[in-house]
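Right, one structure below, let's go through it.
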Amino acid sequence: MFDEQTLRKIADGDARCTPFDEVRCHEAVKAFSAAFEALPDLAIRTEQGSYSNFCAVYVYDPAQAVRNQGLDGSLHRSFPSLLIYFHHLAPIAALGMSSWGETLRSDGTFSSRHFGGLDLQNLSPLNAVRPHSLEIRVGAALRRTAYAVQPPEYFMQSAPDWFGPSRRSEGAAPWNRLFHLFFQVVD
């Protein structure tokens, strides 16, 4: 999909590597999210880590929240989600199942949030999304953008030899696949 020179620029965060940039990524995420605004049964949560080279979008059904009450009166809610990573510099996306959650104090204020991520073992192709109606909705929303979800087989290909574990990536080490090259956290 990308030649080695472009992959090196993507890995190094060179904004001139493709016609895409972080602004276009956020515009695409906004267009994708807008497709779900009129759907009462689904919600979107977007997270952009300060040190990430991608936007994470959680698509979930609020009615499917898993709730647990703490001994101190706090309420923990976890939302099983379809998670999509949109790369900042390339029109490429990864998709899989994850979750996000929050803890509410007994007075109703937030005390913490957590966000699950993607790794090689939980990547999925778009056509494996269930229920089928969600697959259709996500596919239609993606068509509002220039992004394409690549199949897990693409991301499981070995990264070039020069890309090594000195770059902190999403997921578990050894960080030697194309997935890790595209979806880095550089804190």
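Rounded to the nearest whole Hz, the Karplus-based 3J(HN,Hα) values (6.51 cos²θ - 1.76 cosθ + 1.60, θ = phi - 60°) of segment 59-71 follow the sequence 10, 8, 9, x, 5, 8, 4, 9, 10, 9, 9, x, 4, with x at glycine and proline. For segment 57-125, the normalised intensity computed at q = 0.12, 0.16, 0.21, 0.27 Å⁻¹ comes to -0.39, -0.62, -0.87, -1.13 (log10 of I(q)/I(0), Debye sum over alpha carbons, equal scatterers, no solvent).
Ranking 161, 107, 119, 61 from most to least accessible surface, computed with a 1.4 Å probe over the protein chains only, gives 161, 107, 61, 119. For segment 79-168, a/c is not less than 1.5, where a ≥ b ≥ c are the root eigenvalues of the C-alpha gyration tensor, and a/b does not top b/c. That puts it in the oblate class. Net charge dipole, the chain: roughly 220 debye, given to the nearest 20, about the Cα centre with Cβ charges of +1 for Lys and Arg and -1 for Asp and Glu.
If you take semi-axes √(5λ) of the Cα gyration tensor in Å from the coordinates, which of [x] 56, 18, 15; [y] 29, 20, 15; [z] 61, 19, 13 do you get? Answer label, from the structure shown: [y].
If you sort 132, 76 by accessible surface, 1.4 Å probe, largest first, the order is 132, 76.
Of all beta bridges that DSSP places with both ends in the chain, some 95 percent have antiparallel geometry.
I'd like the carbon and sulfur percentage of the solvent accessible area for the chain, probe radius 1.4 Å, heavy atoms only, ligands and nucleic acids excluded. Using a 1.4 Å probe with all protein chains present, the chain comes out at 51 percent carbon and sulfur.
Helix-only arithmetic for the chain: the sum of -39500 (n - 2.57) across DSSP H runs with n ≥ 4, divided by the residue total, places the mean residue ellipticity at 222 nm at -6000 deg cm²/dmol.
Averaged per residue, segment 12-115 has 50 square angstrom of accessible surface, using a 1.4 angstrom probe with ligands and nucleic acids left out. Taking the chain as a Gaussian network of alpha-carbon nodes connected by springs under 10 Å, the highest mean-square fluctuation of the residues 83, 134, 118 belongs to 134.
The values are calculated or read from the model by the stated rules, or taken from the named source; none is laboratory data. Keep in mind the model is a prediction, meaning the values are calculated, not measured. Note that we place each Cβ from the backbone using ideal geometry, even for glycine, and neighbour counts take in every protein chain shown. SASA here: full protein model, heavy atoms, side chains in, ligands and nucleic acids out. Shrake-Rupley method; radii C 1.70, N 1.55, O 1.52, S 1.80 Å.
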